[in-house]
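Structure first, commentary second.
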Amino acid sequence: MNFTDFISLCKLRAMEPQSDTSRTRRGALGAGSFAHFIHDGFTDCLFVLLPLWATGFGLSHAQVGFLKMCMSGSMSSMQVPAGFAAERFGERAVLVAGTLLVGSGFVLLAFADGFFTLAAALVLSGAGCAVQHPIASSIISNAYEGGRRRSALGIYNFAGDLGKVAMPFSVATIIGFYGWQAGASAYGAVGIASAVVILFVLARLGLGERTAPAVPADNQPTAAQPAGWGIRDPRGFGVLASISMIDSATRMGFITFMPFLLMSKGLDVAGIGFALALLFAGGAAGKLVCGLVAERLGILRTVVLTEVATSGLILAMIALPLTPAMIVLPLMGIALNGTSSVLYGTVGDFVESRRQARAYGLFYTFGTASGAVAPLGCGVLSDAFGLETALTVVAAVVALTLPLCVALRPALRAAEA
């Protein structure tokens, strides 16, 4: 796919007469991308807030990692239940409820007065964020079944990275004028309003309703409802999920403590929002660039390229002084975030269409679980051996993806066949 094809898909042939199918696809992609924009803003605003909480409440790096784990761990534990809930109550109801929940959690953050109240509000917020990835991915994947699914999911992921760029920077600006409590509560209110918008769009188009037939009483699968998770190739799905777990762990470990690394080089707290905007702008470009590269070089070569670049650039960030490190941040974002778009677009190749929500929930659970644990482990290492040593270990862990890429090759060939 070239750049012209990408723009054409973004517009979804806006200048041509639209069929009902095309209109539904546009609605699914628009609502799912908007949800991704808002929800990724919530998860990544946390990177602005963590250094402020560490300073204001006197937290250690291990405590910072634990707070990140509270939100990520809650997301991880609730993603599979979100997939089951979508089958029972409909994807629309679950996505709207989750958006309301995360918005309410951020409003409650403004009233936190210490470590434990922060942790409780983050658990609530993480539970709300859990629904977005499996549900929105499923809505889009089903809408584009048999027609440019990978490209549509690439746009969906690109929208999430735009949220990572815009919302942390916006919240950091509000914090600069009014304090972190105002920033958290303001974005919480945005999340609550967004839930209403998502409900309106999906209801108008009739998307996300409960349509999956119930499993018979004897628990035997039907032709329309495949058995279990609906995974056609368990080995390929497992290897793909393992690569995602390592990718997520290194990404979350690095991003959580990147602000602390830059502050140790002389960056003030007000500059954290700008640094994250640079990183996530590179990440947004990475989702697009790596999707295009994967079309030309193939999935495996693209993953190897991005993971090797990730390891090298983390080491460069540790060694460089502040100004060169800030310049490197967009490249770091491309390498750090580019892999996930390629991986997410491949999940549907291994899964039956009627089990998309459940299988995506399982896949995202593996990734977010490893991403939840990584900041805590990185924080413990940092307290014991220093921040630079901890980040060096993160860079070394990336190399574990390389043998997994070799193991994934036969499954990809079979899926393509």
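The values are calculated or read from the model by the stated rules, or taken from the named source; none is laboratory data. Predicted model, so just to flag it, every value in this text is computed and none were measured. Every residue, glycine among them, receives a Cβ derived from its backbone with ideal geometry; neighbour counts consider all protein chains shown. Keep in mind that these areas ignore ligands, DNA and RNA; they rest on the heavy atoms of the full protein, side chains included. Shrake-Rupley method; radii C 1.70, N 1.55, O 1.52, S 1.80 Å.
Cα centroid separation, region 255-286 to region 40-99: 20 Å. Expressed as an acute angle from 0 to 90° and rounded to the nearest 10, what is the orientation of the C-alpha long axis of helix 322-347 relative to the principal long axis of the chain? Tilt relative to the chain: about 20 degrees. Dipole orientation for the chain: of the candidates 329, 372, 39, 39 has the Cα lying most toward the positive pole (charges on Cβ; Lys, Arg +1; Asp, Glu -1). Comparing 37, 111, 158 in a Gaussian network model of the chain where C-alpha atoms under 10 Å apart are linked, the largest mean-square fluctuation is found at 111.
Between helix 115-129 and the chain there is an angle of about 20 degrees, using the helix long axis and the longest principal axis of the Cα atoms. From the Kirkwood radius over Cα pairs of region 23-73, Stokes-Einstein at 10 °C and 1.306 mPa s returns a whole-number translational diffusion coefficient of 124 µm²/s. Scanning residues 5 or more positions from residue 351 or on other chains, those with amide H under 5 Å from its amide H are 232, with H placed 1.01 Å from N in the peptide plane. Backbone geometry of region 43-55 corresponds, through the Karplus equation with coefficients 6.51, -1.76 and 1.60 at θ = phi - 60°, to 3J(HN,Hα) couplings of 5, 9, 4, 4, 5, 6, 6, 4, x, 5, 5, 4, 6 Hz, x marking Gly and Pro. Between helix 149-178 and the chain there is an angle of about 30 degrees, using the helix long axis and the longest principal axis of the Cα atoms. Ellipsoid fit via the Cα gyration tensor, the chain: semi-axes of 33, 25, 21 Å, each the root of five times an eigenvalue, largest first. Per-peptide packing, taken as the mean over residues of other Cβ atoms within 10 Å, places 360-366, 134-140 in the sequence 134-140, 360-366 from highest down. Look at the dipole of region 13-98 built from charges on Cβ: of 77, 58, 29, the Cα furthest out on the positive end belongs to 29.
Taking only the alpha carbons of region 345-417, we obtain Rg and Dmax values of 16.8, 50 Å in that order. Between 266, 236, 312, the GNM of the chain built on Cα springs shorter than 10 angstrom shows 266 fluctuating the most. Leaving ligands, DNA and RNA out of it, report the carbon-plus-sulfur percent of the accessible area of the chain at a 1.4 Å probe. The nonpolar share, carbon plus sulfur, comes to 66 percent.
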